[in-house]
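Heads up, the thing below is written out as structure tokens.
Just so it is clear, none of the values below were taken in a lab; they were calculated from the coordinates. Please read all numbers here as calculations on a predicted model, not as lab measurements. Quick reminder, even Gly has a Cβ in these numbers, built from the backbone with ideal geometry, and neighbours come from all protein chains shown.
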Amino acid sequence: MIVNISLPDGTTYDITIDRLKKEYFDRKVVVVTNPTISALHLDYLKDKLSAKELSVVTIPDGEKYKNMQTIETILEHCFENKLNRNSLLIAFGGGVIGDMTGFAASLYQRGIDFIQVPTTLLSQVDASVGGKTGVNNKYGKNLIGAFHQPIAVNIDPYFLTTLPKRELGAGIAEIVKMAVTFNKDFFQWLEENDLNDEENIKTAIAKSVETKAWVVSQDEKEKGLRAALNYGHTFGHVIENETNYNTYLHGEAVGIGMVMANELAKKIAYMSDEEALRVKKLLEKYDIPTTYKIADVEDFYEHFFLDKKSLDNRIKFIVPKGIGNCEITDKISKEDVIEVLKRFSN
Ligand code: NAD
Ligand code: MG
């Protein structure tokens, strides 16, 4: 399956969902990966990939290494191997590797090409598409970065066979996000089909990528519509923050966050009890957490303002309108939000 993405400035690339094909690059290529992925899958990649000159840079595994220092390590490798403006970086890993490889590619000699080969479900359905790249610093997550589109995204579902179950669930949460915000039919399909089946997961990846590609082509730089992809994230980020990023995977926090956003949607009569229940059930089918105990609702509310997306001290909520549609709004009263938060505090 191939999904094409076309941006208004003429940038276009293919997102291929299939086993990797053998490919030769007549240029210098650097594969960026980490020890976990390289132990499992580097031989497989190297069997498919050949180049004029090929080298691998291995960076430590973990979100805590998604920083400028690691970018320096990648750039250093590029200089040592005398990459030129025609060289290519390949991101081989999850979203952490993808975001950093893309950012390094945007910086090296003011920007060289890169290809995404995402190996987690979350990066296959979300992070590898759309050109947001970057790193974290002590002020927060993804606060340093660039928009730099890959020249191709090659999604091979085979990599998912080694992915831990929780990581799979975290990716499914982002799939559910795409369906609830934009695609009613896809949501219904998800209810009726099992993503543990290989063909089904391929279809779900393609549908998600199609949705994301469509959104990004409308609004690459997140001036409006693209913010809808933060459904569940406004609440999710607070949960991740309150639990010091060590209790929930990002996608799991988003799962809980979507349930919270749905309560808000119910409160303003955008969603019925029945629709909210359908979303919860779908998440639970894959053991994605849907409950969280808020210790202090006022504290939780204050934490919304730590998010870089809360511009001008207004909190932007993504509230679903039924299933398959949503609204981005900063007009919800604090009273309504607090009342919803209280439903999670006892
Ligand atoms: P991750 O990259 O940390 O990968 C999760 C874990 O799985 C890691 O330990 C990794 O080594 C391991 N792993 C990767 N592939 C594997 C495989 N096939 N088998 C076994 N283990 C494997 O996490 P993630 O969830 O992929 O990505 C999260 C990151 O993505 C965050 O930094 C987030 O900010 C970013 N992100 C970016 C965008 C974007 O638009 N650029 C969107 C969403 C998320
Ligand atoms: Mg996310």
task: Pull up all non-local amide H partners of Glu327: gap of 5 or more, or a different chain, and H-to-H distance under 5 Å with H placed in the peptide plane.
output: Val319, Lys321
- prompt: Roughly how tilted is helix 68-80, in degrees to the nearest 10 and between 0 and 90, from the longest Cα axis of the chain?
  reply: 20
statement: In debye to the nearest 20, the charge dipole size for segment 2-161, taken about the Cα centre with +1 at each Lys and Arg Cβ and -1 at each Asp and Glu Cβ, equals 200
task: Give the total of Lys-Lys pairs in segment 2-161 with Cα-Cα distances below 12 Å; include a pair only if its members are 8 or more places apart or on different chains.
output: 10
task: Within 10 Å, count the other beta carbons around each residue, average over each peptide in 330-343, 278-291, 64-77, and list them highest first.
output: 278-291, 64-77, 330-343
query: Which ³J(HN,Hα) values in Hz, rounded to whole numbers, follow from the phi angles of segment 171-180 under the Karplus curve 6.51 cos²θ - 1.76 cosθ + 1.60, where θ = phi - 60° and Gly and Pro get x?
result: x, 4, 4, 6, 5, 4, 3, 4, 5, 5
- prompt: For the chain, what proportion of DSSP beta bridges, expressed in % and rounded to the nearest 5, is antiparallel?
  reply: 35
task: Between beta-carbons, use under 11 Å as the cut-off and find the net charge around Arg27, counting Lys and Arg +1, Asp and Glu -1.
output: 0
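For the chain, with only Lys/Arg (+1) and Asp/Glu (-1) charged at the beta-carbon, what is the dipole magnitude about the Cα centre, in debye rounded to 20? Can you show the working numbers first?
Working: 42 positive and 50 negative charges, 130 e Å.
That gives a dipole near 620 debye.
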query: Any idea what the dipole of segment 164-342 comes to, in debye rounded to 20, about its Cα centre with Lys/Arg Cβ at +1 and Asp/Glu Cβ at -1?
result: 360
- prompt: Could you state the number of Å between the C-alpha centres of segment 284-346 and segment 227-245?
  reply: 9
- prompt: How would you rank Arg85, Arg110, going from fewest to most other Cβ atoms within 10 Å of each one's own Cβ?
  reply: Arg110, Arg85
statement: If one compares the long axis through the Cα atoms of helix 273-285 with the longest principal axis of the Cα atoms of the chain, the angle in degrees, nearest 10, works out at 40
query: Who wins for biggest fluctuation among Ala39, Ala173, Ala265 in a Gaussian network model of the chain, springs between alpha carbons below 10 Å?
result: Ala39
- prompt: If we sort 186-198, 141-153 on the protection proxy, mean other Cβ atoms within 10 Å, highest first, what's the order?
  reply: 141-153, 186-198
task: Would you work out which of Gly322, Gln218, Val297 lies farthest towards the positive end of the dipole of the chain? Charges go on Cβ: Lys and Arg +1, Asp and Glu -1.
output: Gln218
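Indicate the gyration tensor shape class of the chain (rounded, prolate or oblate), computed on the Cα atoms with a ≥ b ≥ c the square roots of the eigenvalues: a/c under 1.5 is rounded; otherwise a/b larger than b/c is prolate and the rest oblate.
Prolate, because a/c is 1.5 or more and a/b exceeds b/c.
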- prompt: How big is the gap, in Å, between the Cα center of segment 1-65 and the Cα center of segment 67-137?
  reply: 10
query: Angle, helix 35-48 long axis vs. longest principal axis of the chain, Cα atoms, 0 to 90°, nearest 10?
result: 50
message: Going by amide H atoms built from the backbone, whose H comes under 5 Å of the H on Ser345, apart from near neighbours?
response: Ile294
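Ranking Glu63, Glu80 by Cβ neighbours within 10 Å, fewest first, what do you get?
Ordered by Cβ neighbours within 10 Å, fewest first: Glu80, Glu63.
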